[in-house]
Amino acid sequence: MSLYRITGGHRLTGSIKVEGAKNAVLPILAATVLNEGESVIENVPALNDVVTMLEILKSLGCRVKYQDKTVVVDSSNITSNEIPTVLVKQMRSSIVLLGPLLGRTGKVITSYPGGCAIGVRPIDLHLKGLRKLGAKVDMHGQIICKGENLTGTEIQLDYPSVGATENIMLAAVLAKGETIIRNAAKEPEIVDLQGFLNSMGAKVYGAGNHVIRIEGVKKLHSCRYTVMTDRIAAGTYMIAAAITGGEVNLENIVVEHLHSIIDKLRESGCIIRTNCSNLRLIAPERLRAVDLIRTLPYPGFPTDAQPQMMAAMCTAQGTSIFVETIFENRYRHIDELIKLGADIKVDGRIAVIRGVPRLSGALVTAKDLRGGAALVLAGLAAEGVTEVEGVEHIDRGYENLGRKLKNMGADIIMV
Ligand code: UD1
């Protein structure tokens with residue numbers, strides 16, 4: 001088991017080239033199953049979740065190469081439609097293979113991904129959508145979806161779930177006729193998935209809006225596509241600089257995706273200058289508390305940046321209020337932040353953070369990906385040595401977080 005050992009108190013300065021987006025690349029890799037040709041995908045981050053997804057693709061019969069941030073998937077031969085349980089358990093987002101495998105082979109067998117650290121995470125909306133497209137779903141121990149002749153239809157989502165929107169889009173690409181998804185998720189990763197699907201000949205329109213329309217096509221073709229940059233990783237690096245009173249230049253980003261985070265960091269006293277693909281943040285010596293952070297679907301404040309922003313507010317001047325509306329169990333970092341000296345009270349989905357002048361290093365445990373990143377950031381600001389256990393959670397979603405922070409002047413080592 002490895003841990004990060006951080007000696008806090010160093011001001012971070014420098015530039016970071018932000019990696020490709022985890023939450024975009026996973027559904028894109030799943031989508032390659034639809035293509036009977038070769039998909040070349042660029043700007044793929046080196047993350048454990050990516051490796052797991054590639055293992056799953058191999059187990060289905062795809063030939064996969066991964067070198068220098070480029071993945072080549074040849075899906076001309078799909079030899080299995082069963083997703084191995086051991087890999088499903090490693091990565092919840094394997095559920096996004098339901099749609100494409102069903103579309104390509106007419107049948108999928110998989111295990112229920114179960115709950116996870118940040119909440120129950122049901123898949124009822126995914127399955128409801130697939131059923132509307134004509135799939136038969138049987139859930140006895142395993143999930144078995146059958147649907148040789150998926151047919152386009154209108155689907156109104158009860159909630160704009162990111163995963164359900166993706167799964168339905170993916171199942172609809174090769175279905176007969178037109179599918180309309182209403183109350184679809186509007187996240188940039190959905191737009192990226194549409195971009196990838198259309199690059200291999202699909203006809204998907206409207207991603208980024210409430211309504212997505214998919215005209216089914218018979219066959220797709222080989223393609224080359226570059227994955228968008230990771231807006232959550234970008235936000236994390238901004239907050240890392242902010243919490244240490246530092247400065248950072250982010251390169252290779254889509255500023256448009258970051259406005260909700262930029263707005264809160266400006267409210268806390270940071271100066272942020274942007275052009276469309278670069279950003280410069282200059283933090284004050286001590287951040288100011290923000291009034292309220294309420295997590296919401298895009299373009300609201302992302303739940304995936306809530307823990308990191310909370311870490312920053314622990315030493316800000318004043319009191320901040322957080323309301324987590326997306327996941328019911330996404331405050332598991334709070335007990336750990338309290339070990340570092342934070343003053344936080346929680347009542348259900350509301351957390352009140354009273355800024356303290358300083359945090360002090362301690363041994364803490366990352367219990368999930370973004371909560372783990374928050375603890376690393378808090379460690380950068382804390383006096384003395386902070387050790388963060390559970391690095392495997394953090395590695396699922398950040399490409400070389402430790403090295404990037406070290407290059408900016410952090411005293412951080414992986415032990
Ligand atoms: C994706 C992201 C995750 C992010 C989340 C919200 C990936 C791989 N993961 O997760 O990092 O935090 O979006 O931005 O892209 N829900 C249901 N039934 C369903 C599906 C979801 O009730 O069938 C609920 C969930 O429990 C949750 C809410 O909807 O409360 C949002 O979930 P969803 O948007 O589906 O998130 P994910 O796709 O799982």
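Note on region 202-216: residues that are buried (at least 20 other Cβ atoms within 10 Å of the Cβ) and under 17 Å from Ala24 (Cβ atoms) total 4. Quickly run through region 365-386 and pick out the residues that are hydroxyl-bearing (Ser, Thr, Tyr) and either open to solvent by 10 Å² or more (accessible area, probe 1.4 Å) or free of Cβ contacts under 8 Å to residues at least 12 places away in the same chain (or both). Hit for region 365-386 is Thr365, nothing else. Could you check, for region 41-62, whether at least one of its residues is under 23 Å from Ala172 (Cα atoms), in a strand (DSSP E or B) and touching a helix residue (DSSP H, G or I) at 6+ places or on another chain (Cβ under 7 Å)? Yes, that holds for at least one residue. Filtered by the rule that a residue be open to solvent by less than 10 Å² (accessible area, probe 1.4 Å) and among the small types (Gly, Ala, Ser), region 2-56 gives Gly20, Ala21, Ala24, Ala30, Ala31, Ser39.
Within region 185-201, being open to solvent by less than 10 Å² (accessible area, probe 1.4 Å) and more than 12 Å from the ligand (Cβ to nearest atom) holds for Phe196, Leu197, Met200. Residues that are more than 19 Å from Asp368 (Cα to Cα) and among the charged types (D, E, K, R) within region 318-356 comprise Asp343, Lys345, Asp347, Arg354, listed in sequence order.
Check whether at least one residue in region 267-286 is at positive phi and either in contact with a Leu (Cβ under 6 Å, 6 or more places away or on another chain) or surrounded by 16 or more Cβ atoms within 10 Å (Cβ to Cβ) (or both), and report yes or no. The answer is yes; a qualifying residue exists.
Here the condition is being more than 16 Å from the ligand (Cβ to nearest atom), more than 29 Å from Val18 (Cβ to Cβ) and open to solvent by less than 60 Å² (accessible area, probe 1.4 Å); of Ala342, Ala362, it holds for Ala362 alone. Within region 127-184, restricting attention to residues that are part of a strand (DSSP E or B) and buried (at least 19 other Cβ atoms within 10 Å of the Cβ), the residue that is farthest from the ligand (Cβ to nearest atom) is Thr179.
When Tyr237 is tested against (1) more than 23 Å from Asp291 (Cα to Cα); (2) part of a helix (DSSP H, G or I), just one condition goes unmet, and that condition is (1).
For region 304-331, the tally of residues that are free of Cβ contacts under 8 Å to residues at least 60 places away in the same chain and open to solvent by less than 30 Å² (accessible area, probe 1.4 Å) stands at 6.
The values are calculated or read from the model by the stated rules, or taken from the named source; none is laboratory data. Source: prediction; values computed, not measured. Quick reminder, even Gly has a Cβ in these numbers, built from the backbone with ideal geometry, and neighbours come from all protein chains shown. Note: accessible area is taken over every heavy atom of the protein model, side chains too, but ligands, DNA and RNA are not part of it. Shrake-Rupley method; radii C 1.70, N 1.55, O 1.52, S 1.80 Å.
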